[in-house]
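This report refers to the structure that appears directly beneath it.
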Amino acid sequence: MKKVLIAIDGSDSSIKALDIGGKLAEKFGSELYLVHIARLGDFYDPILLGPEFTEVLESLKREGKDITDLLKEKGNKILKAGIARLGSGVPVAKEIVKLGNPAEGIIKTAEEEGVDIIVLGPHSKRKSLIMGSVAREVVELSPCSVLVAR
């Protein structure tokens, strides 16, 4: 197992995937890839929809940015927090932030990077044994093995 891809979105289940994927990469001496796929709809995040939302958009415009830049910055922060959690014992070969459908983005990244395994959380909003739609789609369509961390 030479390359491990961990999909993280900052949720508790993706943090669990990060922990398990990090241990897996460390045990096998694998290259570790982290990916965050931001959906364009994520700008409806409650943090961004406060009364200051118009001010945020205007500020971005003044800086020559748009909402996608904000989503990418948020994704980079999530990846940096993941790297900090892993610590120095597990070096990260590549950090990837993309916009789009999470399942499609994870699968496409796995194909582009030629990874051997994808590790992700179940991404289910319910606390049940039912797997979420992102994890289910990745499991069904992935070009490689998938480990869903519980």
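The values are calculated or read from the model by the stated rules, or taken from the named source; none is laboratory data. Because the structure is a prediction, the values reported are computed rather than measured. Virtual Cβ from ideal backbone geometry, glycine too; neighbours counted across all protein chains shown. Surface areas here come from the heavy atoms of the whole protein model, side chains and all, with no ligands, DNA or RNA. Shrake-Rupley method; radii C 1.70, N 1.55, O 1.52, S 1.80 Å.
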Being in contact with a Gly (Cβ under 8 Å, 6 or more places away or on another chain) and modelled with pLDDT of 90 or more is the filter; apply it to segment 123-150 and report the residue that is most open to solvent (accessible area, probe 1.4 Å). 147
Within segment 84-103, of all residues that are under 12 Å from the mean Cα position of the chain (by Cα), open to solvent by 50 Å² or more (accessible area, probe 1.4 Å) and not polar (S, T, N, Q), the one modelled with the lowest pLDDT is 99
Verdict on residue 108 being open to solvent by 70 Å² or more (accessible area, probe 1.4 Å), under 15 Å from residue 10 (Cβ atoms), at pLDDT 80 or above and out of contact with any Gly (no Cβ under 8 Å at 6 or more places or on another chain): no
Within segment 38-49, identify whether any single residue is crowded, with 20+ Cβ neighbours inside 10 Å and either modelled with pLDDT under 95 or not in a helix (DSSP H, G or I) (or both), and answer yes or no. yes
